[in-house]
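Please read the structure below before turning to the comments.
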Amino acid sequence: VKNLWNNSDAEACGEDLLALRVYSSRLIGQDPNLVLHGGGNTSVKSSYTDLFGDHHEVLYVKGSGWDLETIEAEGFSPVRLDVLLRLARLPSLTDSDMVHAQRGALLNPSAPNPSVEAILHAIIPYRFVDHSHSDAVVTLTNTVQGEERIRSLYGNRVLIVPYVMPGFELAKKVAEMTLETDWSELQGMILMNHGLFTFSDDAKCSYDAMVQLVTEAELEIGTRTTPDVVATKLCTLELANLRSVVSHTAGFPMLARISQSDGSQDFTRRSNVADIATRGPLTPDHVIRTKRVPLIVEGDFTEALARYTQDYEDYFSRHSSDHHTRLDSAPRWAVWPGQGIVSFGRSLKDLHVVGDIVEHTCSAIADGEYLGGWRALPAEDIFAVEYWELEQAKLKKSGTSLPFQGKIAMVTGAASGIGRACVESLVEGGAVVVALDIDADVAGMYSGTNILGLRCDVTDGLAIKNAVDTTVQQFGGLDIVVS
Ligand SMILES: [Zn+2]
């Protein structure tokens, strides 16, 4: 990773600790090798003056729903520090109660829910605390003898925390482990199979420590060269069939996109890909997006899916209790040997998030194998995150989706009149739309990623075929044609 710190940008924050917190959080958020799509969190301990002029010690911690890359001051929730420290001393606390207690301790009632790691941030006795899910550090921990590797790399400069569920349990674990610790001797904390923390009273020192520890991990892994791969020609009809059977299994339509990069193709061609790809995710929080394992596309799609579904149901019944509601059993990504890596999602945003996570995951697995063996957490730990009470609660609250969510439409004569109205109405209903018109202006007419404008003469059979191919490459299939 590059150190992106810029003194004049930092000085522009003046004495405002929260502004500085926003600044250095974004530096972490900008690097996909540190955090991906909402991962990681940061905080600053500061004071908050209320309407009466009373000062309160607070932890400004990343609020849920915010992304470090784009976070603003209002993305940090001010939580009373004394309450967080008392919570840390409770013998036990459910995550729902923790969320409740943390909301109750907010000094701004309209702030977002504080990160589930707020208590852990509170007990770290430094002003600035940074937490990332660095690919390189997590990869080292996800190998055979991962802990020994971390220990020999960092020595006593870091505290090594065995994997426990994020949230209260993790905060409790760290509190217990550090009763006798002299924090000033630590440069950071490595959480096995999860990520790392750095801290300092100075924003730059904490950020520098993050960059330093991650750089050391990257050097330890070294560079792996990906062989040049002869590109395989994509059979769009096959991809559309795959998307169709996956959507059927899910019970709702999903978009699909294939990555045929050298890295993806090389990964799918490994002789043991079915084994290494299904050991588990890079970090447990990815399971919400990617499920625990991908579909391995071998032979007949329907049969491969049936095996996947059966395995998912077995995994659920092995680990679940009565209060769990089973999620759909469809995969969110697939390894298609010789073709590439396919991502699935209900929206383009989902597709993009899954695609990024999977790219980093495959690269980490390849690194882990190179280091002597990729090893992920046992299925029961992954299940605990996938079926976390907070996630299950979100599920119960989620409303109904739009009527065309996950559907792919093609509209001809889309540059004007009825065609244009159809495009707009389909997009409003949640569909992604390929808008065709003989008028070349159609390509630039629509903004927003849910519409792809293509010039196409619909009396030309080859032009139509190309438009359909492009549609499948972009979105995975075709459900609705308006002509
Ligand atoms: Zn984390």
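Picking from residues in segment 270-308 that are at pLDDT below 90 and away from the ligand (no atom under 16 Å from the Cβ), the one that is nearest to the chain's Cα centre (by Cα) is E298.
Assigned to a helix (DSSP H, G or I), surrounded by fewer than 16 Cβ atoms within 10 Å (Cβ to Cβ) and of a type outside the set (A, V, I, L, M) - does that describe any residue in segment 399-412? Checking segment 399-412: not a single residue is assigned to a helix (DSSP H, G or I), surrounded by fewer than 16 Cβ atoms within 10 Å (Cβ to Cβ) and of a type outside the set (A, V, I, L, M).
Scanning segment 112-146 for residues that are under 20 Å from L282 (Cα atoms), touching a helix residue (DSSP H, G or I) at 6+ places or on another chain (Cβ under 7 Å) and more than 12 Å from the ligand (Cβ to nearest atom) returns D135, A136, T139, L140, T141, N142, T143, G146. Beta carbons closer than 6 Å, at least 6 apart along the sequence or on distinct chains, pair a first residue in segment 93-122 that is closer than 18 Å to M165 by Cβ with a second that is aromatic (F, W, Y) for L93/F168; M98/F168. In the set D328, D322, only one residue is outside any strand (DSSP E or B), charged (D, E, K, R) and either closer than 16 Å to M254 by Cα or not assigned by TED's automatic domain parsing to the domain that holds A379 (or both); that residue is D328. Of all residues in segment 47-70, those satisfying the criterion of being under 20 Å from D202 (Cβ atoms) and surrounded by fewer than 21 Cβ atoms within 10 Å (Cβ to Cβ) are S47, E57. Among the numbered conditions (1) over 18 Å from Q102 (Cβ atoms); (2) touching a residue at least 12 places away in the same chain (Cβ under 8 Å); (3) of a type in the set (S, T, Y), the only one that S47 does not meet is (2).
Please go through segment 209-227 and pick out each residue that is modelled with pLDDT of 85 or more and in contact with an Asp or Glu (Cβ under 7 Å, 6 or more places away or on another chain). Of everything in segment 209-227, those that are modelled with pLDDT of 85 or more and in contact with an Asp or Glu (Cβ under 7 Å, 6 or more places away or on another chain) turn out to be M210, I221.
Only helices (runs of 4 or more DSSP H) whose full extent lies in segment 72-152 are considered here, and the ones with at least 3 residues that are farther than 16 Å from K62 by Cβ are 81-88, 95-104, 135-141.
Of the residues making up segment 278-303, just one is crowded, with 20+ Cβ neighbours inside 10 Å and small (G, A, S), namely G280.
List the number of the failed condition for R151; all other conditions in (1) surrounded by fewer than 18 Cβ atoms within 10 Å (Cβ to Cβ); (2) within 16 Å of the ligand (Cβ to nearest atom) hold. So R151 meets the others, but not (2).
Here V230 fulfils each of the conditions (1) at pLDDT below 95; (2) under 28 Å from Q30 (Cβ atoms); (3) away from the ligand (no atom under 16 Å from the Cβ); (4) part of a loop (DSSP other than H, G, I, E, B) apart from (2). Only one of the listed residues (D437, D381) is free of Cβ contacts under 8 Å to residues at least 40 places away in the same chain, surrounded by 16 or more Cβ atoms within 10 Å (Cβ to Cβ) and among the acidic types (D, E). That residue is D437. Among the residues of segment 270-313, those identified as closer than 13 Å to L377 by Cα and among the charged types (D, E, K, R) are R279, D285, R292.
Name the residues in segment 107-147 that are surrounded by fewer than 22 Cβ atoms within 10 Å (Cβ to Cβ) and among the acidic types (D, E), would you? Answer for segment 107-147, where residues must be surrounded by fewer than 22 Cβ atoms within 10 Å (Cβ to Cβ) and among the acidic types (D, E): just E147.
The values are calculated or read from the model by the stated rules, or taken from the named source; none is laboratory data. Fair warning: this is a prediction, and the values are worked out from it, not measured in the lab. Note that we place each Cβ from the backbone using ideal geometry, even for glycine, and neighbour counts take in every protein chain shown.
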